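Here the structure comes first, spelled out in structure tokens, and everything after it is commentary.
The values are calculated or read from the model by the stated rules, or taken from the named source; none is laboratory data. Since the structure is predicted, the reported quantities are computational estimates derived from the model, not experimental observations. Note: ideal-geometry Cβ built from the backbone for every residue, glycine included; neighbour counts use all protein chains shown.
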Amino acid sequence: MDQTINKSFGMDEIENQIWRAFEEVRDEYRILLGGKTGSNIGITKRIKEKVQLIGEKRDYEIRSSNYTQEWMFDLVWYRKNAVGDFERLILALESEISSRDKHGLLKDFEKLLVSNADYRVMIALGKGSKRSSYPQIVNEQIEIFNQAFNATQSIPIGARVLILIWDDYDSDKIIPHLLIKK
């Protein structure tokens, strides 16, 4: 498998594809709303559809509420062995874009931290307010994720978690943040 690296963020080919897929969903959302902000209903479903396609192109089995039913995470890619038994968890994805509540973010993120997936992906919304906006909101979320990641002792050396935060209030960017256990 090609492991092309994005020098800016240290992401590999699959992580870059997932980031680009999220950016495509953001662009579709903008067109749908005519450039205005609005409800995020349907965004998670569309992100899962796009990430699902990336996994299908690699011949992975898929579980999500979009496809069949969720299996522990919002979306997983996995591989079965020759006799059809579960063999390996390739990707675990969690999305929490309905709010930026610290408890909701941590609950989903901690599920990823106990996963043994090759790829762990957290999608979050960095929604600002009149009192705070980008980069403050995004930095606060990244700090929450960093603290939880660093506190978790069971994560093996080299394990990676890709965090994608959509700052839809101010910059409208998808900000990637890659955590690698050292």
Please determine, by comparing only the residues of region 26-53 that are farther than 16 Å from Ile163 by Cα and among the aliphatic types (A, V, I, L, M), which one is modelled with the highest pLDDT. Leu53
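With the requirement that a residue be modelled with pLDDT of 95 or more and either within 11 Å of Ala124 (Cβ to Cβ) or not small (Gly, Ala, Ser) (or both), what does region 87-108 give you?
First, pick out the residues of region 87-108 that are modelled with pLDDT of 95 or more: 87-93.
Of everything in region 87-108, those that are modelled with pLDDT of 95 or more and either within 11 Å of Ala124 (Cβ to Cβ) or not small (Gly, Ala, Ser) (or both) turn out to be Glu87, Arg88, Leu89, Ile90, Leu91, Leu93.
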Residues in region 130-139: is at least one part of a strand (DSSP E or B), surrounded by 15 or more Cβ atoms within 10 Å (Cβ to Cβ) and at pLDDT below 95? no
Scan region 158-168 and give yes if some residue there is surrounded by fewer than 21 Cβ atoms within 10 Å (Cβ to Cβ), modelled with pLDDT under 90, more than 26 Å from Ile90 (Cβ to Cβ) and over 15 Å from the mean Cα position of the chain (by Cα), otherwise no. no
Quick test of your reading of the structure: Ser171 fulfils all but one of (1) closer than 23 Å to Asn16 by Cα; (2) surrounded by fewer than 16 Cβ atoms within 10 Å (Cβ to Cβ); (3) of a type outside the set (Asp, Glu); (4) modelled with pLDDT of 90 or more. Name the failing condition by number. (4)
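Could you run through region 73-90 and say how many residues are in a strand (DSSP E or B) and either aliphatic (A, V, I, L, M) or touching a Pro at 6+ places or on another chain (Cβ under 7 Å) (or both)?
Taking region 73-90 as the starting set, the residues that turn out to be in a strand (DSSP E or B) are 73, 75-80, 86-90.
Still in the list and also either aliphatic (A, V, I, L, M) or touching a Pro at 6+ places or on another chain (Cβ under 7 Å) (or both): 75-76, 89-90.
The qualifying residues number 4.
Could you please find all residues in region 1-25 being small (Gly, Ala, Ser) and modelled with pLDDT of 85 or more? I'd like the intermediate steps shown before the answer.
Pass one, region 1-25, residues small (Gly, Ala, Ser): 8, 10, 21.
Within region 1-25, Gly10, Ala21 qualify.
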